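J.: Shown below is the structure under consideration.
The values are calculated or read from the model by the stated rules, or taken from the named source; none is laboratory data. Note that the structure is a prediction, hence the values are computed from the model and not measured. All Cβ positions, glycine included, derive from the backbone under ideal geometry; neighbour counts span all protein chains shown. In case anyone asks, the SASA skips ligands and DNA or RNA and just uses the protein heavy atoms, side chains included. Shrake-Rupley method; radii C 1.70, N 1.55, O 1.52, S 1.80 Å.
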Amino acid sequence: MQTQTLSGEQIAAWLERAAEVLEREKALLTELDAAIGDSDHGVNMARGFAAVRDRLGRLDRGDVGALLREVGMTLLSTVGGASGPLYGTLFRDAGQRVAGAAALDLPALAGCLEAGLEGVRRRGKASPGDKTMVDALVPAVDALKAALSAPGAADGAALRDALGRAADAARAGAEATVPLIARKGRASYLGERSAGHQDPGATSCWLLLRSLAATAGA
Ligand code: ADP
Ligand code: MG
């Protein structure tokens, strides 16, 4: 059976879908940010991915690394807030890791998301449990890495199944931020009052990974 990969065309399809999803879920992200931030996360993410969608037609889909780096640059210049530089770094570093690749197989995808997570952690200095997007990304990366060593990792359905599990892990990670006290970003100004609310950035990470899994057919 052929090992499944994600092509540049599929990555572009994911980004289109992500722009739609973030526009549709703008109110949810805004509501979450209203509780522990400044109510702009939904608008920030919808704006950034609308800009990505607008640029997609002009981007080279033959090099997934270059495509992801361009997404990072677009997010850096359009999203604003704390999440703009963080998501910008995530996509830029993910793209850097797979520079020149025409398509991503499961090991490449796991390496790519891990590089993105490392970039976010280097830039934002957040650890797991600080109630940030890191809390959704870490379990997602772990799920992809676990899939690499699972029996059947080279099967045709392995990539799709791994992405489904990564998205589910990101969702669980985002939900697990509810009781946490924020230690990074704007929400940390609230101290203990930040507990009882789900982190907006962890939630947008989950939405992005769910969109990716859906693009892969999960
Ligand atoms: P801002 O907080 O500037 O208004 P957004 O509302 O767009 O920016 O994004 C807030 C999200 O950014 C938070 O929910 C959190 O997930 C993420 N975030 C903030 N600071 C950090 C950080 N230092 N490291 C990782 N993620 C962070
Ligand atoms: Mg905000």
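J.: Which whole-Hz couplings ³J(HN,Hα) result when phi for each residue of region 87-99 is put into the Karplus expression 6.51 cos²θ - 1.76 cosθ + 1.60, θ = phi - 60°, listed in order with x for Gly and Pro?
T.: 5, x, 5, 4, 5, 5, 6, 4, x, 4, 5, 10, 3
J.: List the lysines whose alpha-carbon lies under 29 Å from that of residue 26, not counting same-chain residues fewer than 8 positions away?
T.: Output for residue 26: 125, 131, 184.
J.: Another one. Using a 1.4 Å probe and counting only protein heavy atoms, arrange 190, 59, 15 so the residue with the most accessible area comes first.
T.: 190, 59, 15
J.: Excluding ligands and nucleic acids, what accessible area in Å² is computed for residue 14 using a 1.4 Å probe, to the nearest 10?
T.: 20 Å²
J.: Which distance in nm do the two modelled labels at residue 54 and residue 127 give, with both placed 7 Å along the Cα-to-Cβ direction?
T.: Each label point is offset 7 Å from its Cα along the Cβ direction, giving 4.1 nm.
J.: Another question, if that's okay. Once you have the Kirkwood Rh of the chain from its Cα pairs, apply Stokes-Einstein at 20 °C and 1.002 mPa s and quote D in µm²/s.
T.: After rounding, the answer is 126 µm²/s.
J.: Heavy atoms of the protein only, probe of 1.4 Å, neighbouring chains included. What is the accessible area of residue 31 in Å², nearest 10?
T.: We get 130 Å² for residue 31.
J.: For region 163-175, what does the Karplus curve 6.51 cos²θ - 1.76 cosθ + 1.60, with θ = phi - 60°, yield as ³J(HN,Hα) per residue in whole Hz, taken in order and with x for Gly and Pro?
T.: 5, x, 5, 5, 5, 5, 5, 5, 5, 4, x, 5, 5
J.: Okay, moving on. Which whole-number value in Å² is the accessible area per residue of region 109-151, probe 1.4 Å? Intermediate results must be reported in sequence, preceding the final value.
T.: On the way: 1630 Å² over 43 residues.
Accessible area per residue, region 109-151: 38 Å².
J.: Between residue 23 and residue 61, what is the label-to-label distance in nm when each label sits 7 Å out along the Cα-to-Cβ direction?
T.: Taking the simple label geometry, residue 23 and residue 61 are separated by 1.8 nm.
J.: Can you sort 73, 133 by solvent-accessible area, 1.4 Å probe, largest first?
T.: On the way: 73 95, 133 10 Å².
Ranked from most to least accessible, the order is 73, 133.
J.: Next question. Can you pull the percent of the chain's accessible area that's carbon plus sulfur, 1.4 Å probe, other chains left in place?
T.: Within the chain, the accessible surface is 51 percent carbon and sulfur.
J.: Calculate how steeply helix 134-149 sits against the longest principal axis of the alpha-carbon atoms of the chain, using the helix alpha-carbon long axis, and give the answer as 0 to 90 degrees to the nearest 10.
T.: Roughly 20 degrees, rounded to the nearest 10.
J.: Any idea of residue 77's accessible area? Nearest 10 Å², probe 1.4 Å.
T.: Solvent-accessible area, nearest 10 Å²: 90 Å².
J.: Mind checking the per residue accessible area of region 1-100 for me, 1.4 Å probe, whole number of Å²?
T.: For region 1-100, the solvent-accessible area averages 44 Å² per residue.
J.: Can you give me the long-range amide H partners of residue 104? Hydrogens built in the peptide plane at 1.01 Å from N, cutoff under 5 Å, separation of 5 or more residues or another chain.
T.: Those qualifying (amide H under 5 Å, at least 5 residues apart or on another chain) are 6, 7.
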